[in-house]
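I have placed the structure first, in the form of structure tokens, so that the comments after it can refer back to it.
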Amino acid sequence: MTMPVPPGRRHGRIVRHYGVEVRLAFDDGDFLTVRVKRNSGHVVGDRVCWHGDRLERLERRTLLQRQDPFGKVRSLAANLDGLGIVLAPQPTTPVAFIERVLVAARSAAIAPFLLVNKADLAGSAVLAQQLRQQFGDTQPLLLVSALSGAGLTPLRDLLATLGCCALAGQSGVGKSALLNALCPGLDLQVGELAEGGQGGHTSSVSTLVDLASGGSLIDTPGFRDFAPVQIASAELPGWFPGFAELLRQGACRFRDCRHRQEPGCVIRQALADGSLSAERYGRYLALLDELEAAEQRQRGW
């Protein structure tokens, strides 16, 4: 049962964040821009209650966060149901970036999916096939083009099914272009690739848009690295791509196995028989080391 809103109290959500101001979309259809402290903690997607001059954040269902290169935790979006990882033939995205975003999404109870954008460019079909081989069918993979419109109908159907989704990816892969294609008239700035194939940062704020076909979509600023922060090191194997599938097929001898040198380790056996690549195993160890080091710093060791 929905409780009536007291006079002067209005419920809505944050649909745009400008740093010291946020744009509110109220449930009755009105909009309002209000000032907030720069480090208020509000993010796009937050449900809020506005009364007087006070903005109260309501309980979040989910929260997507990352750790920046300086160790600071950044909250990206709240109340997400899905997360699209946008990739392209150019600029190329390291496999480690994809794995880390998948870990962050899964551990936060957000359904991930892969979007290969720029389907009109040579190499896009090859990239999609490589991703299928590397990540299997544990999450949807769509080949799309913001320029030609190819694949946008299946993408719209997926977004409508999931609910509120965000796009994440490195700068230059075409997140803002996809939003413009999905929501004509939005007119987000789209940048060109710099010399060397690297993308420029064209999105400096996050924006939430309701789609006419159903669901909503959040564009986030591009970034070149991603470190998940909502997960304990002991939980990493259960979320890391390829590991969860192996662990469902058999159990390690020790329940707290970190898959380093422990005897009777399912992961080490998969590494030995070639069903797990040495490259993926190395990336797992690197992320495990990072998470363990962060936990030690929190304990003051």
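About the Cα centre of the range 101-178, what is the dipole size in debye to 20, counting +1 per Lys and Arg Cβ and -1 per Asp and Glu Cβ, all else neutral?
Values: 5 positive and 3 negative charges, 23 e Å.
Around 120 debye, computed over the range 101-178.
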Exercise. Could you state the accessible area per residue of the range 1-80 in Å², with a 1.4 Å probe and every protein chain left in place?
Key: 62 Å²
Self-check item: Proximal aspartates and glutamates to LYS37, defined as alpha-carbon separation beneath 14 angstrom and excluding residues fewer than eight positions away on the same chain
Solution: GLU21, ASP53, GLU56
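Please state, rounded to one decimal and in Å, the Kirkwood hydrodynamic radius that the chain gives when every pair of distinct Cα atoms enters the mean of 1/r.
On the way: mean 1/r = 0.0484 Å⁻¹.
Computed over the chain, the radius equals 20.7 Å.
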Quiz item: Given springs between every Cα pair under 10 Å in a Gaussian network model of the chain, which of LEU276, LEU182, LEU143 has the largest fluctuation?
Solution: LEU276
Quiz item: For the chain, can you list the cysteines whose C-beta has no other cysteine C-beta under 4.7 Å from it?
Solution: CYS49, CYS164, CYS165, CYS183, CYS265
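May I ask you to derive the relative contact order of the range 31-130, considering only C-alpha pairs under 8 Å and at least 6 residues apart, and to give it as an integer percent?
On the way: 126 pairs, mean separation 22.1, N = 100.
The normalised contact order for the range 31-130 reaches 22 percent.
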Practice problem: For the range 276-293, take each phi angle, set θ = phi - 60°, evaluate the Karplus expression 6.51 cos²θ - 1.76 cosθ + 1.60, and give the result in whole Hz per residue in order, putting x for glycine and proline. | Solution: 10, 6, 5, 5, 5, 4, x, 5, 4, 4, 5, 5, 4, 4, 4, 5, 5, 5
Quiz item: Put +1 on the Cβ of each Lys and Arg and -1 on the Cβ of each Asp and Glu in the chain; which of ALA122, PHE226, PRO184 then has its Cα farthest toward the positive end of the dipole?
Solution: PHE226
Practice problem: Mind jotting down the distance between the C-alpha centroids of the range 123-148 and the range 54-82, whole Å? | Solution: 27 Å
Exercise. Given the peptides 231-239, 95-103, arrange them by the average over their residues of other C-beta atoms within 10 Å, most packed first.
Key: 95-103, 231-239
Quiz item: So what are the radius of gyration and Dmax for the Cα set of the range 1-143, in Å?
Solution: 18.9, 58
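Got a number for carbon plus sulfur as a percent of the chain's accessible area, 1.4 Å probe?
Details: 7670 of 15060 Å².
C and S fraction of accessible area: 51 percent.
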Quiz item: To two decimal places, what compactness ratio does the range 4-79 give when its Cα radius of gyration is scaled by 2.2 N^0.38 Å?
Solution: 1.14
Self-check item: Signed unit charges on C-beta, dipole axis of the range 228-301, positive-most listed residue CYS257, GLN298, PHE240
Solution: CYS257
Quiz prompt | About the Cα centre, charge dipole magnitude for the chain (Lys/Arg +1, Asp/Glu -1 at Cβ), debye | solution = 680 debye
Exercise. Of the options VAL44, ALA150, VAL20, report the single residue whose Cα projects farthest towards the positive end of the charge dipole of the chain (beta-carbon charges: Lys, Arg +1; Asp, Glu -1).
Key: VAL20
Exercise. Would you mind working out the accessible area per residue for the range 219-301, using a 1.4 Å probe, and quoting it in Å²?
Key: 56 Å²
Exercise. Name the shape class, rounded, prolate or oblate, that the alpha-carbon gyration tensor gives for the range 243-295, where a ≥ b ≥ c are the square roots of its eigenvalues, rounded holds for a/c under 1.5, and otherwise prolate holds if a/b is larger than b/c and oblate otherwise.
Key: oblate
Self-check item: Residue among ARG66, ARG260, ARG16 with the largest mean-square fluctuation in a Gaussian network model of the chain, springs linking Cα atoms under 10 Å
Solution: ARG260
Exercise. Take the Cβ-Cβ distance between PHE254 and VAL73 as r, set R0 to 45 Å, and report the resulting FRET efficiency rounded to the nearest 0.05.
Key: 0.90
Quiz item: If you take the Cα Rg of the range 60-159 and divide it by 2.2 N^0.38 Å, with N the number of residues, what do you get?
Solution: 1.12
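How much of the DSSP bridge set in the chain is antiparallel, in percent, rounded to the nearest 5?
Working: 29 of 46 bridges.
Here the share of antiparallel DSSP bridges comes out near 65 percent.
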Exercise. Collect residues whose amide H, placed 1.01 Å from N in the peptide plane, falls under 5 Å from the amide H of ALA111; neighbours closer than 5 in sequence don't count.
Key: GLY82, LEU83
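To the nearest 20 Debye, how big is the dipole of the range 199-301 about its Cα centre, given +1 on the beta carbon of each Lys and Arg and -1 on that of each Asp and Glu? Intermediate values should be presented prior to the final figure.
On the way: 11 positive and 13 negative charges, 70 e Å.
In debye, rounded to 20, the range 199-301 gives about 340.
The values are calculated or read from the model by the stated rules, or taken from the named source; none is laboratory data. It should be emphasised that the depicted structure is a prediction, and the values quoted were computed from it without experimental measurement. So basically every Cβ, Gly included, is an ideal-geometry build from the backbone, and we count neighbours across all protein chains shown. Protein only, heavy atoms only, side chains kept; ligands, DNA and RNA dropped before computing areas. Shrake-Rupley method; radii C 1.70, N 1.55, O 1.52, S 1.80 Å.
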